[in-house]
1. What percent do you get for the relative contact order of the chain when only Cα pairs under 8 Å and 6+ apart count?
2. For the stretch 55-111, what mean projected area does the convex hull of the alpha carbons give, in nm²?
3. Write down the radius of gyration of the stretch 140-221 and its Dmax, each obtained from C-alpha positions, in Å.
4. Could you check the spin-label model distance between residue 60 and residue 170? Points 7 Å from the Cα along Cα→Cβ, value in nm.
5. For the chain, with a Gaussian network of springs between Cα atoms less than 10 Å apart, report the residue from 137, 32, 13 with the top mean-square fluctuation.
6. Give the residue list of GluC sites (Glu not before Pro) in the stretch 5-72 that are DSSP loop and have at most 11 other beta-carbon atoms within 10 angstrom.
7. At most 12 other Cβ atoms within 10 Å and a DSSP loop assignment: could you name the trypsin sites (Lys or Arg not before Pro) in the stretch 95-196 that fit?
8. How high is the FRET efficiency between residue 184 and residue 18 when r is their beta carbon distance and R₀ equals 41 Å, given to the nearest 0.05?
Amino acid sequence: MIMLRIDIEKQLGGFALRAAFESDARVIGLFGPSGSGKTTLINMIAGLLNPDRGVIAIDDDRLDDTEAGICVPTYLRRIGYVFQDARLFPHLSVMQNLDYGRRMNRLARDAAEETRIVNLLDIGHLLARRTGKLSGGERQRIALGRALLSRPRLLLLDEPLGALDEARKAEILPYLVRLRDEAEVPMVYVSHDDEEMRQVATDVALFARGRIAAFGDASILSQAGARQG
């Protein structure tokens, strides 16, 4: 596993984010209410926002270091991103959507890896379909497959179940657990659903008003419950 190191500050209007932690967990969960800074942080990891101060590093590779003047462009970070809405291309088939990241990154096709990811996500029967005819859970599995086939060293998931009903959430959660255990790609997972976080995350950063109130294993989610109570 990689070591992800975060020590940043960011001001966005009246909102100030300060976050610092390091972890080599398979899945780092960012948990907290909407507006607490979770998505702002993963957007900085992805390179979509720049920190005002600080460092973001994967192992010894600094993606951002404001003191040293380092800011690696998004397309060179080798980071996959799965959004709440799958953002698939409706004019392409499922197979063409899956292959998009590989082609955009000019990677050689790896048939064995492609088969492994398709089987892992159980999407082989969908490959010839257009994405408009897929369920919400199927669309998210395609988005996960597309991100993984771009061969990222880190995968960011921003509320990937947030737009799904309870039945679709129950459908896709086992695939997220399989990804954690079998895909060998570390993940940063954003959610405000504590049960979802308990099932997926191995380390958790508990966010509150732009700060990390606690960092540890999933047992710290009980602190969030105590605060809400």
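1. 29
2. Result: 5.9 nm².
3. 13.0, 35
4. Each label point is offset 7 Å from its Cα along the Cβ direction, giving 5.0 nm.
5. In the Gaussian network model the winner is 13.
6. Of the GluC sites (Glu not before Pro), the ones in loops of the stretch 5-72 whose Cβ has at most 11 other Cβ atoms within 10 Å are 67.
7. Filter output for the stretch 95-196: 106, 109.
8. The pair residue 184/residue 18 has a calculated efficiency of 0.85.
Readers should treat all values here as calculations from the given coordinates under stated rules, not as data from a laboratory. In this text the structure is predicted, and so the values were computed from the model without any measurement. Cβ atoms come from the backbone with ideal geometry, glycine included; neighbour counts cover every protein chain shown.
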